[in-house]
Amino acid sequence: MDNKYRFTLAKDERLKKRTYIQELFDSGESFSIYPIKAFYFLRHDTDIDDGIPGWKERIMEPILQFGVGVSKKNFKSAVDRNRIKRLIREAYRLQRHYLSTVIAGKKEWCLKLFVLYTGKELPTYSLIDEKMEQVLNRIEKDIR
């Protein structure tokens, strides 16, 4: 299998820094496809030096970073929250290569994506897979 289509979600491809997530929520765009709310931010490398500490490290970041969250208000049990996050990460991991190729075609661009699960019931994998495909297609259409 070719390396550019590896179906892994590496550590550096996960969006975890609080400052990046806050920047995404403040400056990014969002939309909902129930039960998923997606936040994304497309940035050109020349825009990296924005005064936020750590901007030099962001130049070396991967072109696509992904984060996921589930409300503690709707799911009291950590087991349920973790299961939903695993389902979302798995659906993303298997479908992201289409989005990666679009962004790779745009030289010196990077995309940050954060997905919130807003539903109140435990989802099935088939539902999450279908909705994640719709989310990624919408983002791909928006950034073209």
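The values are calculated or read from the model by the stated rules, or taken from the named source; none is laboratory data. Keep in mind that this is a model prediction, so the values were computed, not measured. Cβ: placed from backbone, ideal geometry, glycine included. Neighbour counts: every protein chain shown. The area values use the complete protein model at the heavy-atom level, side chains included, leaving out ligands, DNA and RNA. Shrake-Rupley method; radii C 1.70, N 1.55, O 1.52, S 1.80 Å.
Numbers for the structure displayed
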{"item": "Subset of segment 95-132 (residues that are closer than 30 Å to residue 77 by Cα, open to solvent by less than 60 Å² (accessible area, probe 1.4 Å) and in a helix (DSSP H, G or I))", "result": "95, 127, 128, 129, 131, 132"}
{"item": "Segment 11-29, residues that are open to solvent by 60 Å² or more (accessible area, probe 1.4 Å) and either hydroxyl-bearing (Ser, Thr, Tyr) or assigned to a strand (DSSP E or B) (or both)", "result": "14, 19, 27, 29"}
{"item": "Hey, residue 92 open to solvent by 60 Å² or more (accessible area, probe 1.4 Å) and either of a type in the set (Gly, Ala, Ser) or touching a Leu at 6+ places or on another chain (Cβ under 8 Å) (or both) or not", "result": "no"}
{"item": "Subset of segment 30-57 (residues that are modelled with pLDDT of 90 or more and open to solvent by 80 Å² or more (accessible area, probe 1.4 Å))", "result": "34"}
